[in-house]
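Below you'll find the structure, written out as structure tokens, and then a few comments.
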Amino acid sequence: MHDFRNPGTDPARWLGIASPAGLDRYFEEILALVAAGTFSEEELRRLRLRYDTEEPDDVPPGHWSEQRQPNIGEATGVSDTVNDLVARSPDS
């Protein structure tokens, strides 16, 4: 398991490289669902199966996120990465 965070208050940039190629389309599809207003847990499960990825149901003990306030991602089941994509979308 891995995750990424920005512990500061200033915006950060992140360059991610995934191998094999194609995982970028997973995030693009999530962004498209959010932008269209059709994002749901069912759609997220469908995408996770297609892209062979998963997200744990529970936060591991001692994880840094236990000490922060919930954000929109926790309320919707969307990860921080998706929140970042939505925040950067032209419509937001």
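The values are calculated or read from the model by the stated rules, or taken from the named source; none is laboratory data. All values reported here derive from a predicted model rather than from experimental measurement. For neighbour counting, all protein chains shown are included, and Cβ atoms are generated from backbone atoms with ideal geometry for every residue, glycine included.
Structural remarks
- When the stretch 7-35 is filtered for residues that are modelled with pLDDT under 90 and among the aliphatic types (A, V, I, L, M), the ones remaining, listed by number, are Ala12, Leu15, Ile17, Ala18, Ala21, Leu23.
- Residue ID - surrounded by the most Cβ atoms within 10 Å (Cβ to Cβ), chosen from residues in the stretch 2-48 that are over 25 Å from Val59 (Cα atoms) and in contact (Cβ under 8 Å) with a residue 24 or more places away in the chain: Ala35
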